[in-house]
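Enquirer: Submitted below is the structure of interest, expressed as structure tokens.
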Amino acid sequence: MIVDVHSHNPTHEYDVPPEDVVTNPIVGTGVKLAGAMSEYVEAMEPVDKSFVFGIAPRPSGDEHVLTDWNAGWDDDLNQNDIAARVAAVNPDKYIPFMSLHPEQPDIDEEYDRAVGELGCRGMKLALSYQAV
């Protein structure tokens, strides 16, 4: 069995428009940072299970980010909503994880919502990315 324990939410629910295509040139010829749900599903074909998550932004919004991690999703969705949407495509394969920021004022409520309503089964901690 192959389990991918570290996969990020796709940045877009549908096709990525050309203006949203971003690459990070640090690694070789560049790593594509934006992707559609269909690309995620295709990339995960070889694996049996995949943990999927986003990274909760800093509540103040004063952080450096490489790309808008939820640019192609409805504005009212956060990283946990998106992980749950991805998991809903194939609930036997994709396992949604939540991400919370230690400084977010509604951390307890979001934890309860992510577990109770969204079905998140784990948590992604990303303190270095969250500027903590």
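The values are calculated or read from the model by the stated rules, or taken from the named source; none is laboratory data. Fair warning: this is a prediction, and the values are worked out from it, not measured in the lab. Glycine gets a Cβ as well: all are built from the backbone with ideal geometry, and neighbour counts include every protein chain shown.
Enquirer: From Ala34, Ala56, grab the single residue that is modelled with pLDDT under 85 and touching a helix residue (DSSP H, G or I) at 6+ places or on another chain (Cβ under 7 Å).
Expert: From the options Ala34, Ala56, the qualifying one is Ala34.
Enquirer: Suppose we keep only residues that are in a loop (DSSP other than H, G, I, E, B) and touching a strand residue (DSSP E or B) at 6+ places or on another chain (Cβ under 7 Å) within region 119-132. Which one would you say is modelled with the lowest pLDDT?
Expert: Ala126
Enquirer: Search region 1-15 for residues that are more than 15 Å from Trp69 (Cα to Cα) and pair each with any residue that is among the aliphatic types (A, V, I, L, M) when their beta-carbon atoms are under 6 Å apart and the residues are at least 6 apart or on different chains.
Expert: Ile2/Val47; Asp4/Val47
Enquirer: Another question about this same structure. Go through region 108-118 and give me each residue that's surrounded by fewer than 16 Cβ atoms within 10 Å (Cβ to Cβ) and in a loop (DSSP other than H, G, I, E, B).
Expert: Glu117
Enquirer: What are the pairs with Cβ atoms under 7 angstrom where one residue, in region 113-132, is farther than 20 Å from Asn90 by Cβ and the other, located anywhere, is assigned to a loop (DSSP other than H, G, I, E, B) and of a type in the set (A, V, I, L, M)? Sequence gap at least six, or different chains.
Expert: Going by the 7 Å Cβ cut-off, the qualifying pairs are Met123/Leu100; Ala126/Ile55; Tyr129/Ile55; Gln130/Ile55; Gln130/Ala56.
Enquirer: Those residues that are at pLDDT 70 or above and polar (S, T, N, Q), I need them from region 66-81; list them, please.
Expert: Asn70, Asn78, Gln79, Asn80, listed by residue number.
Enquirer: I need a count of the residues in region 95-107 that are part of a loop (DSSP other than H, G, I, E, B) and closer than 18 Å to Asn9 by Cα.
Expert: Residues meeting the conditions: 3.
Enquirer: Does Asp92 meet the test of being surrounded by fewer than 17 Cβ atoms within 10 Å (Cβ to Cβ), modelled with pLDDT of 90 or more and outside any loop (DSSP other than H, G, I, E, B)?
Expert: Criteria not met by Asp92.
Enquirer: For Ala43, only one of the following conditions fails: (1) at pLDDT 90 or above; (2) under 14 Å from the mean Cα position of the chain (by Cα). What is its number?
Expert: (2)
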